[in-house]
Structure formats: C-alpha cells, structure tokens
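One structure below.
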C-alpha cells in the first residue's frame, strides 16, 4: 500500500510539474464546449431580413414586429421594390426578405400569400430560416384571428429538444470525446513514457507489482476526467442552457464508467506502443476518429452501411452517448440505461484483463 | 553468498547474436568488470542477470537464485543502474531517492549509512530537479537510488560513460568503498583504462567472452615487447610505422603510438633510420609496459592473422 501511495504521489508530481499538459487537459474541454456552443453551430441567430410591405396595414406591421422580436431574426429595413431586395442579397447584407402583397389584411379572409425569399446558396440555412419564419407567422395569424383554416393542419411538436438546439446533441458527444482523449491518451502516454525514458527498466527490477504500476498510472487521470465531467456539465448547464433532466448522480456515474473504459483502452494501448509518438498515433487513429465518425455523434448510425453499423457497436462512445442523452435530455433513470451500462462494464473488464495479460514483466 | 554464475548463456535478437556461450563465475564481494566496446553484449548480459530478458539457452544464477525461476526474488536483492539515466527528470533529487526507497520497501533513513558518502556530495542540490543535474551528479544520484535498498549484488551498466574524468575517478573510489560492505559489484565499461580498477575483468567482443582474469595477469600476458613512439606529424608517422616491414602492429593511443615488432630483439635504430628517411625527425621511441587495452587490440590482431 505504501508503495502504491508513493507511486501515486510521483504520478501527481509528473502531472502538476508538466503544467502545460495539465492546462491543456483542463482547457480543451472548455474550448470544445464553447466552440461547439457558439462558433460551430447550425443554429441561426440574428439573421437580418428586409420587408417589402405593399400593404402597410396593422397586420403586416404586427407580423414584422413579431419577427423582429424573435431572437433568430433582426429587422434590417423596409424596401421599396424587388430590385432593392436583390441588391441587398448580392451585397450579403440580408439573409431573408419578406414580401406582403397589397391589401394583405383585406384579402386575408379570401386567400392571400406572404412571399419569403431566402439566399439558397446556403441551402441548410435558408431552409431553416424559411421554416422558422413560416411557423412564427402561422402561429401569430392563428392566434390573432377567429379565422380557422379548413382541413387538417399538421401540428408538429418536437419532443425533448423543441428548439432543436445543437447543444443537446454535442454535449454528450463532446463528453464522449474528451474522456477518451484524456483517459486513453494520457494514460497510455504516461506508461509509454516510462518505457521510453528507461525508468520502466528500473521499476521492473524492483519488487513493485505490475498491478500497482497500472493502477497508479490510471488513478490520477480518472480524477482529472472527473473534474472534466463536472466542468463540461457545468458549462453546458449554465452557459448553453442544456438541462439535466435525469438524475445528476446517474449522469456522473455513467460518465465514470465510461472513463473506466477509456482508461483500460489506454492501458491496452500502452502495452502495444513503445514510443510516446506511436501511443499518440494509435490513440488518434484508433480512438478519436471512430469516436467522432462512428459513435453517432455527428453522423446518424442508422444511415451508415451495415458494416459500419456493426463496427459502431464496438465503439464505447456509441453506448455512452446514447445512454447520456437518455438520462440528460430525456430524463430516463438508471434502469433504462442498464443495457448500455452493462456493455460498458463488460468492455472495461475485458480490456483490463487483456492489458494485464499483455503487460510485460520483462523487457520483451 | 553473493556470487553470480553464468553457464553457457546465449541470447540473440532475431539473427543477431548478442551474447554467445558466455560462462562467468563472479565471486561474492568482488568488483567485477565487463570490458568491451559497444555491441559487445554487456547490456544484454546485465538484462539477463537482472531478469529483464530471458536467455535463449544456458543457466544463470544470482546469489544462487535462478534467473528464470526465481526472478521475483532476484528483483528484491539486485540493484540495477541502467546505462541510460533512467530516473525521473522532473522529480527532485530527494523525491527520486525517496520514491525508489519506498518502491524497494525501505526508507532512506534505514540505509542512509550506505549512501552517506555519495549523498553528501549531491545533498546541496537535494531540491533540484534531477534533469538539471550535471552528468556526474546524475550518476551519483542513480547510484544512490540503486543502493538505497542495500542490494546484495549491484549491476552498473556503463556508469562512467559520458562523465568527465574527475567524476569518473570519484565514481570508482566510491565503488571500492561500496565493495567493502560485502556487496558484489558487476560493472561494465568501454574504457579499458578502468579495467585495472576492477578485481577481475571479462574482456568481451561481439557477444563473446574473450578472457576472464585479473587485469594485471591479462596485461602481463601480452606476448610482444611494446614501444611507445612519439613524433611531430602523428598521423603520417602511424602510416609510415605500419609500412615498416618489421612492424607487427601499431595503434594510436592518445598522444603516442603503441608499437609491437615481429621479432623481440630488434634494433630500434633501424626503425629510427627508416622513419628519418621518410622525413620524421625528432622521433622518440621508448619501451612500454603493456595495458589491458594493448592486450585487447592484440587479441583482434592475432585473430586477423589467423
């Protein structure tokens, strides 16, 4: 026990004396969350629009105010004709134009149209803008009149994430990525560094048990990843308004189980790699890429060819992200994510078994 | 007893034979030197004896413990200092020492008397990170860490390589003091001049042990009369001596050439004349007592002639 504690102390010395690496481990999650939350986003905020109002009555003014009041849209100005709209589009000054026909209010009872123009050179953005605007107008018109449309109007309601916020999707994804990055990469590099510097040789020629070496290497990173879990959750809750609908304890427990999988992956890699560079490469190629591409974080698993779907079953992040979404966003309990938890725990068990078996008590 | 035995140890990496059929019998409490150039197989031998590598064939015993079967026990009684500085550069001198003491299930206090002589020299830098020490200091710290658990056998792989001459001298003084504690010390070095500081040495080359004996016996068994030759232009002097028909061998040794002639009773004036004829004035030729290095060089020479 004393041996283990002393080894643990040494690991913490390594971590705290390499301030740069430690800072990176703490700063990367923050940067990623902020990046995904504000910079890399498909959400639209403050899209400028112009209005060509040929009717100029109470209803149109009211509709324009409504649109302007929405966080997604900013009123730019009133225009007089279509040429002006086109010029503004070409100058990239506006994202959308709204055209009201003459006598809008009067003709409403019969049949009338609002024309929405958007810049389709960015198809995603224009589609989203038009949909937003349409829904705003529709709800507004429905509310403010006794007019009811004939026939069936589909009422779409998005469950769990009604505002279609990206953060709901990427926060679990970023957690899956960060934990793999810190636990696997740092653990494997930490062990391989001892091999590379030759200190492993001295450690092996000591009565120190290899289990102690492995455990002492893994523990500090488990603690750091715990800090990161709290950090990401805090950031997403307070900064990005992602709710934690389910139990916070279940979220933390699930994340720690996932961190264990990542740690054991790192241990396995350390038994394969002999230099820090190769450990980093293996982590990058064999862990990061699959996590990003095959976990369902960015590309839906259902849309993949069957072989990739089968492969994605082997990615721990896949199970973690699904379970985390279930708990965080949908508010499910620990019983509902038992299958995912079991899979993750089995993975940990298998990986640790494999790496202890592969851990060499000799140099070759 | 703290003796070390090797019987017909062989080990190869792929097609390269690192160690071939080496048998050694190192006595308890001896300061034993493995002398040989890079690639002689010294490190491989150390790794086999410290149970880091398994031999392909042959037997080896450290304090009567088999390197294959009793590797766990050997790891408790052996002290090992690898050729490369392998302590933690980002840990201070103190921290390194304390860490290795705990790893070996002991405390610095318990065996302080053993390392006291060495540690007082690095104690002023106790708070300094090991990576910022000078080469000689690093070696002293590594030696302290290897000694802290009072090993019965100490393995030192090229401890003086890359260390300045003064520190090298100090280091060997320390070794002879450790020896007095009854610890068997096996040390490897590529420096032949350090051979005479060992009780006995094994000369190694290309994985083969050429000879094992006392350094004095080995140098005394040098078969030729040896001369030291000095001149102004040393390089052309070397070439011209080698061109002399009576020359058996001639090697550059620092500031002079060591020359052996084919027949023992040769008239040195003939050589002087020969060299003067080739433009070498002021050539001095003096008799020389052969060293281990001369023996080693000659060994290769003989093999070439055979």
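Laboratory data are not the source of any read-out in this text; all were calculated from the coordinates shown. Fair warning: this is a prediction, and the values are worked out from it, not measured in the lab. Ideal geometry is used to build each Cβ from the backbone, glycine not excepted, and the neighbour counts take in all protein chains shown.
Details
- With N as its number of residues, segment B:4-213 has a Cα radius of gyration that, divided by 2.2 N^0.38 Å, comes to 0.98.
- Our summary gives segment B:4-213 a relative contact order of 33 percent, counting only alpha carbon pairs under 8 angstrom and 6 or more residues apart.
- Pairwise centroid distance, computed over Cα atoms, of segment B:1-22 with segment A:229-258, Å: 58 Å
- Three-way shape label, the protein assembly as shown, alpha-carbon gyration tensor, a/c 1.5: prolate
- Relative contact order of segment B:223-289, defined on C-alpha pairs under 8 angstrom at six or more residues apart (%): 48 percent
- Which of A:177, B:1 has the fewest Cβ neighbours within 10 Å, and the rest in rising order: B:1, A:177
- As a rough footprinting exposure proxy, the listed residues B:127, A:360, B:61 were ranked by other beta carbons within 10 Å of their own, and the order from fewest upward is B:127, A:360, B:61.
- Estimated 222 nm signal from helices in chain B, with DSSP H stretches of n ≥ 4 weighted -39500 (n - 2.57), rounded to 500: -10000 deg cm²/dmol
- Segment A:47-143, relative contact order in percent, only Cα pairs under 8 angstrom and at least six apart counted: 33 percent
- Likely footprinting exposure, B:8, B:17, B:257, B:149, fewest C-beta neighbours within 10 Å first: B:8, B:17, B:257, B:149
- Within segment A:308-337: backbone nitrogen closer than 12 Å to the residue A:346 label point (7 Å, Cα to C-beta): A:314
- Whole-angstrom gap from segment A:93-107 to segment B:131-184, using each part's C-alpha centre: 90 Å
- Rounded, prolate or oblate (a/c below 1.5 giving rounded, otherwise prolate when a/b exceeds b/c) for segment B:40-92 by Cα gyration tensor: oblate
- For the peptides A:315-325, A:122-132, the ranking by mean Cβ contacts within 10 Å, running from highest to lowest, is A:315-325, A:122-132.
- Per-pair calculated FRET efficiency, R0 = 56 Å: residue A:75 and residue A:336 via Cβ, rounded to 0.05: 0.80
- Rounded if a/c under 1.5, otherwise prolate or oblate - segment B:223-289, Cα gyration tensor axes: oblate
- Of all beta bridges that DSSP places with both ends in segment B:4-213, some 55 percent have antiparallel geometry.
- Average beta-carbon neighbours from other chains, 10 Å sphere, peptide A:9-18: 3
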